[in-house]
Amino acid sequence: MQNAETVLNVIRERGKRGLPLENIYRLLYNRKLYLRAYGRIYSNQGATTKGTTAETVDGMSLAKIDRIIEALRYERFRWTPVRRVNIPKPNGKTRALGIPTWTDKLLQEVIRMILEAYYEPQFSDRSHGFRPDRGCHTALSNVTTHWTGVRWFVEGDIKGCFDNIDHEVLLSVLGEKLHDNRFLRLLRYLLKAGYVEDWSYGRTLSGTPQGGIVSPILANIYLDRLDKFVENVLIPAHTRGSDRRDNREYTRLMNQAARRRKQGNHAEALQLRKQMRQLPSRDPYDPGYRRLRYVRYADDFVLGFIGPKAEAQQVRESLETFLRDSLKLELSREKTLITHATSQAARFLGYELVNQQANDQIDRNGRRRVNGQIGLRVPAEVIEQHCRAYMRKGKPAHRNHLIHDEDYSIVGQYQSEFRGVVNYYLLAHNVSHLGKLRAVMERSLTRTLAAKHKSTARKIRRRYKSVVETEHGPRVCLRVIKQRDNGKRPLVAQFGGIPLKRQRQAVLVDQQPQRYRSDRNELVKRLEADECEMCGSTVDVEVHHIRALRDLNVKGQREKPRWVQLMAARKRKTLVVCRTCHRSIHAGRPPTQHASTT
């Protein structure tokens, strides 16, 4: 049986060379791939969430992997319909999310690893969603780095993209390079598995199963056709000229200033240079110069165009035609806006994009260093939206659901929420505007603690006020210190102390590149040892999982059971046990000691 890394490296190499992939279905018989998949996803929050059955990651075993492989070998495997839940969106609407069973999650992760290894080397560099070492920040950084001088933004919006992906088109795209009918048939059954909502079964006639592990890679494979169309058709058609021609008026003033300077008339030369700074140095309407830029994150994409608006409209119409005819998707005319880059702001991934103009910002060589550069801004309505979550009747208010928590937990919760917003918007030029959110959250925090202690916000602020040193100097914050027994270091939680300074290199990615090796995964090694860590039995060994370590602390429990002591000592959310001990754990009784069996 080949090592998982070896198998994936072979697949990755074929992907780099653009060779078709064959005999994929037989790869699903490799137990090592399932162990690798298990090591990747067992710690996810959704691993302990039930689908349409009671099965979760709890109870995972080598026997379960073997049963999946056997069912696949004889083509008896059947996907289970997902459990559909509706997640509220900020605009008041809901988003349907499908929750698969654990067996389906495990097999989907194996399929995802195979597809990612093969297709990742072939994806466009302009695609950034759900890919290793890429994310929203890399997409935005691409815009600020390479889009200088853009005059028009074309904001792309596809109506219900993931819900309307055509199954036949997707399978056709996959079939061009994946030459294995059994594997494609397995994917077809996955797409058609359906869902259960309010105890009613529904068929899935289109779309990828949102919430499914394999869905993001399938969507990227589908939308890669859009990337290739833009790169191979639209960009060449709207790119010409090596450089813009000079602006005649600017050149005339520059020559006059040079002559005045030679004549010793420096005052008049200075006035002429000031007039020059009010004009572009190159002709912005040069008919011989065109450029088209493009970047996509999942189903959100934006194009930047240098040229007249009429041609930008042609680009939008070409996109609309391609999506309709080739991908069976619809471009929303109302939301696919054409925005003037200098006078208006486009929206992309929660940021505002603008073409900056500032004639008074000059570098050491006397050149305007801002003009034409794309700037990122935090939208004002985004700040207001976040503020409203901590306000009631227009004023910061306490949060009732946190009052019964410890002070340490309350402060940590507020800091975690604030840090998340700040880290996402650190690329923005006006990230300092988040100071308004910080002030609202601080008042809400102090009022929450005041309500808990039946005190006032002013007294709470005096009690917990502190100063923390940062790379940008000292910052005032609220700090709570939680003392611990047995000589352990105290726990510290603080709110604030985060400098609101723009960081150009602050890049968050969706997923780190995979540097996993199965022989280094501690849980996989323990499972492969096939021995109960409580009684030593080697019969029916499986893994006991808990959602979080804090679940081990049961209030009012005088003496912790042995299995709790083992997990707490190792600081692990898993314990490899035999089925007898596992049942005893769930029944709340001491595990029965019995002799190990070979």
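The values are calculated or read from the model by the stated rules, or taken from the named source; none is laboratory data. The shown structure was predicted, so the numbers you read here are calculated from the model rather than taken from an experiment. Don't worry about glycine lacking a Cβ; one is built from the backbone with ideal geometry, like all the others, and counts go over all protein chains shown. Side chains are part of the model used for accessible areas, which takes the heavy atoms of the whole protein and leaves out ligands, DNA and RNA. Shrake-Rupley method; radii C 1.70, N 1.55, O 1.52, S 1.80 Å.
The table that follows gives values for the structure above.
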item	result
Cα-based shape type of the range 259-336, given that a ≥ b ≥ c are square roots of the gyration tensor eigenvalues and the cut on a/c is 1.5	prolate
Computed P(r) (all Cα pairs; the chain; 20 Å bins; percent)	15, 40, 34, 9, 1, 0
Relative contact order of the chain, defined on C-alpha pairs under 8 angstrom at six or more residues apart (%)	15 percent
With DNA, RNA and ligands ignored, accessible area of THR204 (1.4 Å probe; Å², nearest 10)	30 Å²
The range 1-125, relative contact order in percent, only Cα pairs under 8 angstrom and at least six apart counted	36 percent
Cβ-defined net charge surrounding GLN256, 12 Å radius [Lys, Arg +1; Asp, Glu -1]	+4
Integer Hz, Karplus 6.51/-1.76/1.60 couplings in order for the range 130-146, x for Gly and Pro	6, 9, x, 6, 9, x, 4, 5, 5, 5, 5, 5, 4, 5, 5, 7, 10
Relative contact order for the range 227-352, counting Cα pairs under 8 Å that sit 6 or more residues apart, in percent	22 percent
Residue-normalised accessible area of the range 217-365, expressed per residue, 1.4 Å probe, Å²	52 Å²
Built amide H within the under 5 Å cut-off of ILE99, gap 5+	ARG83, ARG84, VAL85
Environment charge at ALA37 (Cβ cut-off 10 Å; Lys +1, Arg +1, Asp -1, Glu -1)	+4
Largest to smallest accessible area among THR144, THR53, THR446 [probe 1.4 Å]	THR53, THR144, THR446
Rounded to 10°, Cα long-axis angle of helix 215-229 versus longest principal axis of the chain	30 degrees
Solvent exposure ordering (accessible area, 1.4 Å, most first) of LYS573, LYS465	LYS465, LYS573
Around ARG151: net Lys/Arg minus Asp/Glu count, Cβ-Cβ under 14 Å	+3
Residue-wise HN-Hα coupling along the range 247-259, computed from phi with Karplus coefficients 6.51, -1.76, 1.60 (Hz; x: Gly, Pro)	7, 4, 5, 4, 4, 4, 5, 5, 5, 4, 4, 5, 5
J(HN,Hα) series, the range 204-211, from Karplus relation 6.51 cos²θ - 1.76 cosθ + 1.60, nearest Hz, glycine and proline x	9, 8, 7, x, 9, x, 4, x
Exposed-site-free run, longest, the chain (rule: GluC sites (Glu not before Pro); DSSP loop; at most 15 other C-beta within 10 Å)	76-329
Cα shape, the range 282-427, gyration tensor, a/c 1.5 rule	oblate
Three-way shape call for the range 361-517 based on the alpha-carbon gyration tensor, with the a/c threshold at 1.5	prolate
Unit charges on C-beta of K, R, D, E only; dipole of the chain, Debye	2760 debye
Aspartates and glutamates with Cα under 15 Å of LYS454, excluding same-chain neighbours fewer than 8 positions away	ASP405, GLU406, ASP407
Degrees, to the nearest 10: 309-326 long Cα axis against longest axis of the chain	30 degrees
Using alpha-carbon coordinates, inclination of helix 31-41 to the longest axis of the chain, degrees	60 degrees
Dipole magnitude (debye, nearest 20) for the range 286-393, charges at Cβ of Lys, Arg, Asp, Glu	340 debye
The chain: calculated mean residue ellipticity at 222 nm from DSSP helix runs of at least 4, using -39500 (n - 2.57)	-12000 deg cm²/dmol
Centroid-to-centroid separation of the range 164-207 and the range 20-99 [C-alpha atoms, Å]	15 Å
Lysines whose Cα lies under 30 Å from that of LYS89, excluding same-chain neighbours fewer than 8 positions away	LYS50, LYS105, LYS159, LYS192, LYS328, LYS335, LYS393, LYS395, LYS436, LYS501
Cβ charges +1 (Lys, Arg) and -1 (Asp, Glu), total dipole of the range 398-533, debye	1220 debye
Sulfur and carbon atoms: percent of accessible area, the chain [1.4 Å]	46 percent
Cα principal axis extents for the range 1-140, largest first, Å	47, 43, 24
Positive-end residue of ILE217, LEU319, ASN44, charge dipole of the chain with Cβ unit charges	ASN44
Whole-number accessible area per residue in Å² for the range 1-141, which is evaluated in the context of all protein chains at 1.4 Å	44 Å²
Projected-area mean, the range 325-389, by convex hull of Cα positions, square nanometres	8.0 nm²
